[in-house]
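Have a look at the structure below, then the notes.
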Ligand SMILES: [Zn+2]
Ligand SMILES: [Zn+2]
């Protein structure tokens, strides 16, 4: 009886001290190379441009979906609701800043420079004052963002099929050092040129939601989730986030794919995938149990001689594969390509699984 009472008291105490927080989902991608992996979305809209939600809603959604950092990037040049909500650049960030702080969400000030193609649309984040981006000339807006030491990236570069390409104006901003990143994916769209130019021109690769409507994702799964950027940071601070973006330490989680430079993908594979058990059943029949500690269903295709032709390592789960091995073989090495960990357009990451038979 006494024990019951104590338990009940503890339960009530827990209820009292638990704040009424939104239930946060967890997105699973391990830390790599001594960096912390932050889940980020740097492109979204509110009623202050052509979005459909109030700024604080963006914070609530991000916290519910387990994000670490977001930027609201309302259009500077396009405000279809301005009869109801007056033009006020930077105001969405001001409105939602308190809520972001309370939730420990990193929340740099952002805006979208919105010009017809070419040049197209560019996001600037880590701004000090968004009003200076409201210029007549495109190049003046790009310069103004860079004068504030903002991080500037090209949004959805393949958006307009009739104007898909790298034009003179892009040379100008690139040669001036006014563009540091490029979107490889926004929402449900993959941008082949973003991927190519990101690698070729050493631009930071990003994946963002570019949401305008409310985000209705209740449960994040490998197949149904917000398009986000993983950023590999030294600390969970605005300064460290900015440093990592300028250095290009990112990966893009788009549909059931991870897109990044090879070093980061390799580190992510090594940190996520482990052979956790090896056992023999009968002569020359060996079983490997492999765990995957990230939210990607990793799709492996064999490139070597040993192992099944195709293996799926389920997100946050395990897979068991059966091998027939030669007598007296002690060390196993299985060569595969992780087809949905893209080191370049349509090119998966080459990986090896190794294990020893006791
Ligand atoms: Zn828009
Ligand atoms: Zn845009």
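Read-outs throughout are calculated quantities, based only on the coordinates presented, and are distinct from any laboratory measurement. Quantities reported herein were computed from a predicted structural model and do not represent experimental measurements. All Cβ positions, even for glycine, are placed from backbone atoms using ideal geometry, and neighbour counts span all protein chains on display.
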- prompt: For the chain, what relative contact order do you get, as a whole percent, if you take Cα pairs closer than 8 Å and at least 6 residues apart?
  reply: 14 percent
Relative contact order, percent, region 162-232 [alpha-carbon distance under 8 Å, six or more residues apart]: 26 percent
- line: Note on region 46-201: contact order normalised by length, alpha-carbon pairs under 8 Å, 6 or more apart, percent, works out to 17 percent
message: Between 297, 224, 93, where does the largest GNM mean-square fluctuation fall for the chain, given springs only between Cα atoms within less than 10 Å?
response: 224
task: For the chain, with a Gaussian network of springs between Cα atoms less than 10 Å apart, report the residue from 319, 69, 291 with the top mean-square fluctuation.
output: 319
Förster radius 25 Å - calculated FRET efficiency between residue 243 and residue 168, Cβ distance, rounded to 0.05: 0.20
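Could you tell me which of rounded, prolate or oblate describes region 267-335, using a ≥ b ≥ c as the square roots of the eigenvalues of the alpha-carbon gyration tensor, with rounded for a/c under 1.5 and, failing that, prolate when a/b is larger than b/c and oblate otherwise? Provide the component values of the computation, followed by the final result.
Values: a/c = 2.13, a/b = 1.78, b/c = 1.20.
Prolate.
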statement: The alpha-carbon pair-distance distribution computed for region 170-312, with 5 angstrom bins and whole-percent values, is 2, 8, 13, 17, 17, 15, 9, 7, 5, 3, 2, 1, 0, 0
query: Label residue 140 and residue 212 with points 7 Å out from Cα along Cα→Cβ: what is the distance between them in nm?
result: 2.8 nm
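Suppose R0 equals 41 Å; then what is the FRET efficiency for residue 36 and residue 285 from their Cβ-Cβ distance, rounded to the nearest 0.05? Walk me through the numbers before you get to the answer.
Working: r = 42 Å, r/R0 = 1.02.
Calculated transfer efficiency: 0.50.
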- request: Could you work out how far apart the two model spin labels at residue 56 and residue 344 are, taking each label as a point 7 Å from the Cα in the direction of the beta carbon, and quote it in nm?
  value: 5.0 nm
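Expected output is a single nm value to one decimal: the length gained when fully extending between residue 83 and residue 312, i.e. 0.36 nm times separation in residues minus the C-alpha distance. What is it? Each step should come with its number before you reach the end.
Details: separation 229, 0.36 × 229 = 82.44 nm, distance 5.24 nm.
Extra length available between residue 83 and residue 312 comes to 77.2 nm.
Could you tell me whether region 34-81 comes out rounded, prolate or oblate from its Cα gyration tensor? Rule is a ≥ b ≥ c as square roots of the eigenvalues, rounded for a/c under 1.5, then prolate if a/b exceeds b/c, otherwise oblate. Intermediate values should be presented prior to the final figure.
On the way: a/c = 4.87, a/b = 1.99, b/c = 2.45.
Taking the square roots of the gyration eigenvalues as a ≥ b ≥ c, region 34-81 is oblate.
Name the shape class, rounded, prolate or oblate, that the alpha-carbon gyration tensor gives for the chain, where a ≥ b ≥ c are the square roots of its eigenvalues, rounded holds for a/c under 1.5, and otherwise prolate holds if a/b is larger than b/c and oblate otherwise.
Values: a/c = 2.64, a/b = 1.38, b/c = 1.91.
Oblate is the answer for the chain, as a/c is 1.5 or above yet b/c matches or exceeds a/b.
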Cβ-based exposure ranking for 236, 58, in which fewest neighbours within 10 Å come first: 236, 58
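Take 116, 272 and order them by how many other Cβ atoms sit within 10 Å, fewest up front. It would help to have the intermediate numbers written out before the result.
Working: 116 11, 272 23.
Least crowded to most crowded, the residues run 116, 272.
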- request: Take the chain, connect every pair of alpha-carbon atoms lying under 10 Å apart with a spring to form a Gaussian network, then pick out the residue of 262, 219, 243 with the largest mean-square fluctuation.
  value: 219
statement: Once both label points are put 7 Å beyond Cα along the C-beta direction, the residue 275-residue 94 separation in nm becomes 6.0 nm
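Expressed in nm to one decimal, what extension gain is obtained for the pair residue 324 and residue 219 from 0.36 nm per residue of sequence separation less their Cα-Cα distance?
Going from the current span to full extension adds 33.9 nm.
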For 225, 212, 170, order by how many other beta-carbon atoms lie within 10 Å, fewest first: 212, 170, 225
message: Can you compute the helix-only [θ] at 222 nm over the chain? Use -39500 (n - 2.57) per DSSP H run of at least 4 residues, normalise by all residues, nearest 500 deg cm²/dmol.
response: -7000 deg cm²/dmol
